[in-house]
1. Would you be able to say whether some residue in the stretch 12-26 is on the phi > 0 side of the Ramachandran plot, out of contact with any Leu (no Cβ under 6 Å at 6 or more places or on another chain) and either buried (at least 19 other Cβ atoms within 10 Å of the Cβ) or at pLDDT below 95 (or both)?
2. If Arg32 passes every condition in (1) within 21 Å of Thr91 (Cα to Cα); (2) surrounded by 13 or more Cβ atoms within 10 Å (Cβ to Cβ); (3) modelled with pLDDT of 85 or more but one, which one does it miss?
3. Residue check, Met60 against (1) out of contact with any Gly (no Cβ under 9 Å at 6 or more places or on another chain); (2) open to solvent by 30 Å² or more (accessible area, probe 1.4 Å); (3) touching a residue at least 12 places away in the same chain (Cβ under 8 Å), all met but one. Which one?
4. Only residues that are farther than 14 Å from Gly57 by Cα and either basic (Lys, Arg) or at pLDDT 95 or above (or both): list them for the stretch 83-92, please.
5. Of (1) in a helix (DSSP H, G or I); (2) out of contact with any Lys or Arg (no Cβ under 9 Å at 6 or more places or on another chain); (3) modelled with pLDDT under 90, Leu52 satisfies all except one. Which?
6. Considering only residues that are assigned to a loop (DSSP other than H, G, I, E, B) and open to solvent by 40 Å² or more (accessible area, probe 1.4 Å), which ones fall in the stretch 63-92?
7. Name, by its number, the condition in (1) open to solvent by less than 20 Å² (accessible area, probe 1.4 Å); (2) of a type outside the set (Phe, Trp, Tyr); (3) in contact with a Ser or Thr (Cβ under 8 Å, 6 or more places away or on another chain) that does not hold for Leu52.
8. If the Cβ limit is 7 Å and pairs must be 6+ apart or interchain, which residue in the stretch 36-55 that is over 17 Å from Asn85 (Cβ atoms) pairs with which residue that is in a loop (DSSP other than H, G, I, E, B) and not hydrophobic (A, V, I, L, M, F, W, C)?
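The values are calculated or read from the model by the stated rules, or taken from the named source; none is laboratory data. Nothing here was measured: the structure is a model prediction, and the numbers come from that model. Virtual Cβ from ideal backbone geometry, glycine too; neighbours counted across all protein chains shown. Accessible surface is based on the protein model in full, side chains and every heavy atom, while ligands, DNA and RNA are left aside. Shrake-Rupley method; radii C 1.70, N 1.55, O 1.52, S 1.80 Å.
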Amino acid sequence: AAALLKGAGPDSETLLVDVHVGMAGLLLEAGRAQDAVDLVMGTLAPPGKPQLEHTEGLLMYATIAERHGRDEEALGVLLRLVVKNQDHRRTRQLVSKVLGKAG
C-alpha cells in the first residue's frame with residue numbers, strides 16, 4: 001500500500017504518514033510495541049530529513065511511551081502537541097492521564 005501512495009500527489013506524503021500511524025496503532029494493540037515505535041519514529045524522523053510535526057504520529061508515540069511507563073518522555077511530546085493545538089481532545093486526555101499518575 002505504501003508503494004502505491006508514493007508520488008500519488010501533493011497530499012500523498014501526509015496520507016502515507018497517516019497510514020503508518022494507523023499501522024503503528026495496530027502493532028501496539030497486537031503487543032508489538034517496539035515495532036510500533038520503530039514505525040512511528042521511522043516515519044516521523046526519517047534519516048537525513050527534518051522531523052515531521054504530525055499530530056497523530058506524535059500522539060501515537062506519546063501513547064506508546066505512556067503505556068510503557070515512560071511518562072516523562074510522553075509528557076515532553078504531549079507538551080509540544082498542546083503548544084501546537086491546545087484544543088486537541090485526545091492530547092488533553094492523555095496529558096490528564098499522565099499527570100494523574102504523578103499525583
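1. Checked the stretch 12-26: no residue is on the phi > 0 side of the Ramachandran plot, out of contact with any Leu (no Cβ under 6 Å at 6 or more places or on another chain) and either buried (at least 19 other Cβ atoms within 10 Å of the Cβ) or at pLDDT below 95 (or both).
2. The failed condition is (1).
3. Against the list (1) out of contact with any Gly (no Cβ under 9 Å at 6 or more places or on another chain); (2) open to solvent by 30 Å² or more (accessible area, probe 1.4 Å); (3) touching a residue at least 12 places away in the same chain (Cβ under 8 Å), Met60 comes up short only on (1).
4. Arg89, Arg92
5. So Leu52 meets the others, but not (1).
6. Within the stretch 63-92, the first condition is being assigned to a loop (DSSP other than H, G, I, E, B), and the residues that meet it are 68-70, 85-88.
Passing the criteria: His68, Gly69, Arg70, Asn85, Gln86, Asp87.
7. (1)
8. Once the first residue is over 17 Å from Asn85 (Cβ atoms) and sits in the stretch 36-55, its partners that are in a loop (DSSP other than H, G, I, E, B) and not hydrophobic (A, V, I, L, M, F, W, C) give Ala45/Gln51.
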